[in-house]
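Everything on this sheet refers to the single structure shown next.
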Amino acid sequence: MQKNALLKFLSLTFFSLTTVLAVAVHPLWAKDRVKVGIFQNKPIVYDEGGPKGLFVEVLDHVAAQENWQLEYVTCELKDCLELIKENKIDLMTSLGQTPEREADFLFSREPVWTFWGTVYSRDLRISGILDLKDKKIGVRRKNKITEALQELLTAFQIPVHYVEFDNYEEAFAAFGNNEVDAVAVNNTYGFDKQKMHSFHKTPIVFHPFSAYFAVARHGGNPGLLRVIDGHVARLKTDEGSIFHAFEQKWFAGPPTYWTPKRIAIFSITFLVFSACLMAFWRYRSLVAINKELTDTIAERKKAEEALQLAQSGLERRVAERTAELRQEIESRTTLEKQLQKERDFLDAVLNNIEDGVAACNEKGVLTLFNRAARRFHGLSEKPIPADEWARHYDLFLADGVTRMEKKDIPLFRSLHGEFVKDYEMVIAPEKGKKRFVLASSQPLVDAQGNRLGAVASMHDVTERKRAEDALKKAHEELEKKVELRTRELRQSNEDLAREIVEREKIESQLRQAYKMEAIGTLAGGIAHDFNNILTAILGYAELSLIETTDDNPAKADIEQIFLAANRAKELVRQILTFSRKGEEILQPVKPSFIINEALKLMRASLPSTIEIREEIDPACGFILANPTHVHQVLVNLCTNALHAMEDEKGVVTVTLARIELRGEDILDAPGSAPGPFIALTVRDTGQGMSAATVQRIFEPYFTTKEIGKGSGMGLAVVHGIVQRCGGFITVESSPGQGSTFTVFFPAIAEESNIAVEVRQPEPLPTGRERLLIVDDEAGIAGMYKMTLERLGYDVTAKTDSKETLELFRSFPGNFDLLLTDQTMPHLSGFELAEEVLKIRPDIPIILCTGYSSRITEEKAVQLGIKRFAMKPVERKVLAKMVREVLDARER
């Protein structure tokens, strides 16, 4: 017996020596430095004043046994993974094993800890995954727990809002600040937080998985894992190891008196005391230890089998709950479809009733209107609070004039318990027809008599009311005819007096016609000379602008001269148009642009004490008119408004809008047809006019202004322009109330080819041809010469038509084009052109005139003149015209 014991003791001693030698020669146990990556995953692994947690305690134990030097590197999980891939750290802690990670890392065989996902919330009503619908859930970015939860909720089609964080600490901080409704974390981290905060651990658990040590697959040291696996396996079987101490510390109640440290002290004391008995009992101790290890392994296997069984049961319960949830969702969907079908049926019934139906709840909020009620009142489907009824209900008493107070509205009366029957009232919405209705209403109560609100119906009796009014009107008409018959004799005398007045009016109109003819003759006589003057002013102003730099102070003055000359040119055209001496050209125009431009001019010219308010609809449409005349209409009306305001103080309101006129709206406008019109309104706050003055304001030379303040032609010009455009004008005025002038232009179709002209700057055409110019005004001839020479032409300018003819007769081949004035001494431009064409029929000729009643464009073309132009001719028009005529000759 003693021999066997001695042999066993020698065997154990040999085994111990062998182990010592192996340790001595192993490269990792020669005080090697091992760099270890840790991240915040409390309490399994974390850094709070130094590395802590189960993995750190295990690794410190192994390092002490294996004589390693450990260097811990704290980083975010994603940063740690990059460092170990690059072999900048040797070992990674608390890493879950996935197929993706297995491509980059080698894992220890022994799992150090088992996790599963858990959801924490303050809301005690969250008891299953369906309760997470539309909740904000804080999760860790790129984490197995997060991916598993997303897969689970997606499979059940439960929509949630995920808020991602770099670690669980940030997620719980957001949870504590109420930025998220719940957090999904592993069980160990959540258990730690639950001890410190009043968080509710929900029954939702999912995705159990284990955490391992890991090294890089490429360039890593797998020997570290083999050593760690051996120690971890032994520690798991030791009930007094750091594993059980860790569980006791973090997941059990308060610690017992027998802590591992006290047990160790007691054991050392006991060993010292029993040293003499150790050799005798060593064999029995080894046998007991071996049996204990065997029992521990068996218990571990039973625990793993129980865990697998629990996991299978959990999966079965999840599948059963999933089926129940799907059935519940299908039942809810079917019920919602049935309810929607019934709701659609009731809506169809209400909306097909001819009478209007409206209802309100017990608080007086209008919550129901059928189609007829919305049509009557112009209401939207939005609920209307009781205190806003007056704004939306355009209700009047039966007279159609007196607005109904809220307390008289039938629906409001029934809300307070009253039953109303056939109450006659008038509905007059801002948009829609005026209607006469009979309203009935009554309170709404449930089966127990509780008041729910009120309901009202409205029966349209408009047609019946109109029939009654027509009958009454017929009776009144009969009485009027009887009365009219009695006035016939008196009327005959009045007719006779009226004929006398009409005769005097015709004689006055005849005198006015003679006067207008004289004005026309005068206008035609001055047009030529005035246009010649403007030609020189415009031409030399344009040339000066070209030569003047932008920084020259004179440039602004020259531009004002150019603008004033252009306005004078338009004024001449208006005079000729008014006197019927000019050709009227109507074209599609968009009045909103013209009115806006005219208002800019008026603001600059009116005193600052006159306020101009404008309401211009830019999309009102197009009219057929002369743009200059539309401009003149607004200027004349605004000028008239200025004169009407005493002390030059007041407000002028200008509006432009598109309206639709019916037959009864244009009874006082003979020649106008119903349809769309564009209305230009000018309203002033001046002194107003009497009815007698209003009757005469459109007569030429009629004025109420003192001498020197008006000619009496402004409104007459407006009246003439409006009539030539096919429109009409109305006036509303009374003394002391100001005046309102409204001009109605017929609107035309907005065809796609009607467009507002947008002038883009373009280079002037040039040439090198030889030009012959003649004008009896030396300034104009010189201006033409300078303008065309700057464009590259060889120009010969003359002021005498006979001298020009002799020059051309002597050298007919030296010129490519003739530019001539019309009105000249000796030979007119028309006569000069006739003679030149006899000498050389192919010579192109341009004829310019300030005004001529004898020569028209048709006559000029018949003679062979290529272009007929009215002075003044702008530089760019002249350049383009010359180039076009020359190019046409070459074709």
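The values are calculated or read from the model by the stated rules, or taken from the named source; none is laboratory data. Keep in mind that what you see is a predicted model, and the values were worked out from it rather than measured. Neighbour counts are summed over all protein chains in view; Cβ atoms, including those assigned to glycine, are modelled from backbone coordinates with ideal geometry. Just so you know, the surface numbers come from the protein's heavy atoms only, side chains and all, with ligands and any DNA or RNA stripped out. Shrake-Rupley method; radii C 1.70, N 1.55, O 1.52, S 1.80 Å.
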Looking for whichever is under 22 Å from Lys785 (Cα atoms), polar (S, T, N, Q), assigned by the TED database to the domain that holds Met870 and modelled with pLDDT of 90 or more here; the options are Ser810, Ser828. Which one fits? Ser810
Here the qualifying pairs (Cβ atoms under 6 Å; residues six or more apart or on different chains; first in the stretch 457-478 and within 30 Å of Ser414 (Cα to Cα); second loosely packed, with under 11 Cβ neighbours inside 10 Å) come out as none
Collect the residues in the stretch 131-148 that are modelled with pLDDT under 85 and surrounded by fewer than 16 Cβ atoms within 10 Å (Cβ to Cβ), keeping them in residue-number order. Lys142
The stretch 410-426 residues that are over 13 Å from Leu444 (Cβ atoms), paired with ones that are assigned to a strand (DSSP E or B) and among the basic types (Lys, Arg) (beta carbon under 9 Å, 6 or more apart): Val426/Arg435
Could you tell me whether Leu293 is modelled with pLDDT of 65 or more and touching a Ser or Thr at 6+ places or on another chain (Cβ under 8 Å)? yes
Contact list, first residue from the stretch 857-881 and within 20 Å of Ala833 (Cα to Cα) and touching a residue at least 40 places away in the same chain (Cβ under 8 Å), second anywhere and open to solvent by less than 50 Å² (accessible area, probe 1.4 Å) and of a type in the set (S, T, N, Q), beta-carbon distance below 8 Å, six or more apart or interchain, is Met870/Asn531; Met870/Thr849; Lys871/Asn531; Lys871/Asn532; Lys871/Thr535; Lys871/Thr849; Val873/Thr535; Leu878/Thr787
Residue that is farthest from Arg300 (Cα to Cα), among those in the stretch 217-241 that are open to solvent by 30 Å² or more (accessible area, probe 1.4 Å) and outside any loop (DSSP other than H, G, I, E, B): Pro222
For the stretch 160-216, how many residues meet the condition of being open to solvent by 50 Å² or more (accessible area, probe 1.4 Å) and in a helix (DSSP H, G or I)? 7
With respect to Gln157, is the statement that it is more than 30 Å from Asp229 (Cα to Cα), assigned to a loop (DSSP other than H, G, I, E, B) and among the polar types (S, T, N, Q) true? yes
Return the residues of the stretch 596-624 that are at pLDDT 80 or above, of a type in the set (A, V, I, L, M, F, W, C) and either touching a Lys or Arg at 6+ places or on another chain (Cβ under 6 Å) or closer than 12 Å to Leu634 by Cβ (or both); say none if nothing qualifies. Ala598, Leu599, Ile612, Ile616, Cys620, Phe622
Would you mind stating whether Arg451 is modelled with pLDDT of 85 or more, open to solvent by 90 Å² or more (accessible area, probe 1.4 Å) and within 60 Å of the chain's Cα centre (by Cα)? yes
